[in-house]
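Each reported figure results from applying straightforward, stated rules to the coordinates on display, with no laboratory input. All values reported here derive from a predicted model rather than from experimental measurement. Note: ideal-geometry Cβ built from the backbone for every residue, glycine included; neighbour counts use all protein chains shown.
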Amino acid sequence: MAGNQTRNPFVILQPAKVKRYALRFSYTLGLGGISVGLAGVLAVTGLLLMFGYRPALSTAFADTHALAAGGYSSFLRSLHRWSAYLLIVSAFFHMVRVFYHGAYKGARRTNWLIGVLLLAAVGAMAVSGNILPWDQGAMAVAAVVETVVRSVPLVGNALKSALFGPTPDATLLRAYVFHVVLLPFVFLVLAAVHLWKVRRDGLSGPV
């Protein structure tokens with residue numbers, strides 16, 4: 001048995017000791033694993049969708065319309081969009097479950113904060129992704145985000161300039177860079193630390 005475990009490449013992701021109740025589906029609901037799986041689907045579908053999208057005002061709407069026109073690209077876009085929505089839901093309820101069971105206390109407190117940052121990163125990726133089609137809905141989202149950012153005390157105007165740029169073209173390009181480069185990088189780093197701390201501190205359960 002020990003030999004089989006050492007040959008399993010996924011065994012390193014599991015803590016050395018796991019309490020029996022923490023393995024029950026009725027306790028975890030599999031929400032952490034579901035979130036990881038959805039993140040993987042988003043990464044693959046997003047990478048494929050990049051081949052059919054150009055982040056410029058003159059092309060963004062037409063490219064998005066072409067991707068949604070039907071066939072394989074339409075399936076990819078729908079899968080990407082619904083996976084994003086489901087990831088937000090699964091990550092949120094994962095944190096609700098962890099909070100309900102008091103699994104954020106003690107040594108896991110730092111990992112709880114990392115989880116909060118992960119949820120924020122997922123939300124930010126969803127917002128930036130909604131701007132990319134540059135249709136009426138996207139412009140409405142951009143206007144709301146700009147108003148919220150500008151209202152931040154002391155640093156609002158600086159944040160607005162950094163996130164939106166001087167022209168609509170710059171706004172779209174920055175949303176694209178945030179969506180496909182910066183935010184995924186932040187998410188990957190936080191997720192790696194999150195999983196490492198699960199490995200070190202144990203699966204979520206009451207302290």
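Some notes on this structure:
- For a label point 7 Å along the Cα-to-beta-carbon line of residue 148, residues of the range 77-109 with backbone N under 13 Å: none
- Of the trypsin sites (Lys or Arg not before Pro) in the range 80-152, the ones in a loop by DSSP (not H, G, I, E or B) with at most 13 other beta carbons within 10 Å are 105.
- Maximal additional length on extending the residue 57-residue 140 stretch stands at 28.4 nm, based on 0.36 nm per residue less the C-alpha distance.
- The simple spin-label model puts a point 7 Å past each Cα toward its Cβ; for residue 44 and residue 200 those points are separated by 3.1 nm.
- The modelled label-to-label distance between residue 75 and residue 36, using points 7 Å beyond Cα along the C-beta direction, is 2.7 nm.
- Projected-area average for the range 56-207 over all orientations - Cα convex hull basis, square nanometres: 10.7 nm²
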